[in-house]
1. Search segment 189-218 for residues that are under 30 Å from A144 (Cβ atoms) and pair each with any residue that is part of a loop (DSSP other than H, G, I, E, B) and of a type outside the set (S, T, N, Q) when their beta-carbon atoms are under 6 Å apart and the residues are at least 6 apart or on different chains.
2. Among the residues of segment 127-146, write down those that are of a type in the set (S, T, N, Q) and closer than 13 Å to S179 by Cβ.
3. What's the number of the only condition in (1) crowded, with 16+ Cβ neighbours inside 10 Å; (2) farther than 15 Å from G89 by Cα that Q133 fails to meet?
4. Return yes or no: is V76 surrounded by 20 or more Cβ atoms within 10 Å (Cβ to Cβ), under 22 Å from the mean Cα position of the chain (by Cα) and under 24 Å from R35 (Cα atoms)?
5. Report whether or not E86 is in contact with a strand residue (DSSP E or B) (Cβ under 7 Å, 6 or more places away or on another chain), among the charged types (D, E, K, R) and not in a helix (DSSP H, G or I).
6. Have a look at L104, L108 and point out the one that is free of Cβ contacts under 8 Å to residues at least 12 places away in the same chain and under 20 Å from S179 (Cα atoms).
7. Please give the helices (runs of 4 or more DSSP H) falling wholly within segment 1-78 in which 2 or more residues are of a type outside the set (S, T, N, Q), under 23 Å from G89 (Cβ atoms) and modelled with pLDDT of 95 or more.
8. So Q10 fits all but one of (1) over 22 Å from the mean Cα position of the chain (by Cα); (2) over 30 Å from E136 (Cβ atoms); (3) in contact (Cβ under 8 Å) with a residue 24 or more places away in the chain; what number is the exception?
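The values are calculated or read from the model by the stated rules, or taken from the named source; none is laboratory data. The model shown is predicted, which means the values in this text are computed figures rather than measured ones. Cβ atoms come from the backbone with ideal geometry, glycine included; neighbour counts cover every protein chain shown.
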Amino acid sequence: MSVRRLAKDQPASFAFAPETLALANWWIGKYPAGRQRSAVIPILWLVQKQDGWVSEPAIRAIAAMLNMDVIRVLEVATFYTMFQLEPVGRKALIQVCGTTPCQLRGSLELMAVCKDKIGAKDHLSADGDFTWQEVECLGACVNAPMAQINDYYYEDLTPESLAKIIDDFRAGSAPKPGSYAGRHTSEPEGGALTLTDPALYDGKAGKPIKSLPNLPKPEPAA
């Protein structure tokens with residue numbers, strides 16, 4: 001496991017936005033008295049959605065909110081790679097899957113596109129708009145190669161389609177997530193090959209459930 005540390009440059013302070021604070025309190029309220037610390041992961045996520053990353057002042061604010069030692073919140077933030085510990089691109093955080101199925105399908109070429117159009121891996125681009133990372137399996141192996149961009153999966157990518165996606169983000173648009181090979185979810189390329197009869201899905205093929213027989217009631221205990 002790689003060592004994850006907080007960014008060298010940190011803001012002077014952190015403040016919860018009103019909507020972030022309201023959601024944080026909602027999460028805290030889901031847990032019984034004395035178990036509020038269980039909300040640490042969703043609140044870290046809310047902070048990241050607010051600022052784009054998790055800063056040291058934010059970690060201290062969460063610790064105070066949940067009555068936790070700061071080191072305990074830091075342990076959580078540094079353990080889970082879903083939490084970004086330094087600023088990321090304002091327009092797009094591109095996480096390219098580098099595990100075996102994606103590599104066999106061309107993820108190294110996708111990373112080359114990112115390096116060419118954005119810059120070094122794990123570093124904020126010069127304009128502050130992009131960050132790209134290599135990550136482990138994102139669970140979309142059938143649609144390899146793929147990348148998670150911000151909150152969504154972009155699948156069946158080619159160097160050309162990823163370059164276009166980056167250009168669209170740079171221009172301020174929001175490219176459509178999903179498969180870029182034209183298939184629906186993870187069905188075969190070219191369309192489904194089995195279970196293609198629409199009558200299978202209109203509800204008419206189902207048989208009514210027979211009611212259970214009246215079972216004898218158990219004798220009362222003596």
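1. Qualifying pairs under 6 Å: E189/A181; E189/R183.
2. Our first condition is that a residue be of a type in the set (S, T, N, Q); within segment 127-146, this holds for 131, 133, 143.
The one that is of a type in the set (S, T, N, Q) and closer than 13 Å to S179 by Cβ: N143.
3. Looking at each condition in turn, Q133 falls short on (2).
4. Numbers: surrounded by 20 or more Cβ atoms within 10 Å (Cβ to Cβ): no; under 22 Å from the mean Cα position of the chain (by Cα): yes; under 24 Å from R35 (Cα atoms): yes.
For V76, the condition - surrounded by 20 or more Cβ atoms within 10 Å (Cβ to Cβ), under 22 Å from the mean Cα position of the chain (by Cα) and under 24 Å from R35 (Cα atoms) - is not met.
5. Considered against the rule, which asks whether it is in contact with a strand residue (DSSP E or B) (Cβ under 7 Å, 6 or more places away or on another chain), among the charged types (D, E, K, R) and not in a helix (DSSP H, G or I), E86 comes out as no.
6. Being free of Cβ contacts under 8 Å to residues at least 12 places away in the same chain and under 20 Å from S179 (Cα atoms) holds for just one of L104, L108, which is L108.
7. Of the helices (runs of 4 or more DSSP H) lying wholly inside segment 1-78, those with at least 2 residues that are of a type outside the set (S, T, N, Q), under 23 Å from G89 (Cβ atoms) and modelled with pLDDT of 95 or more span 40-51, 56-66.
8. Among (1) over 22 Å from the mean Cα position of the chain (by Cα); (2) over 30 Å from E136 (Cβ atoms); (3) in contact (Cβ under 8 Å) with a residue 24 or more places away in the chain, the lone unmet condition for Q10 is (2).
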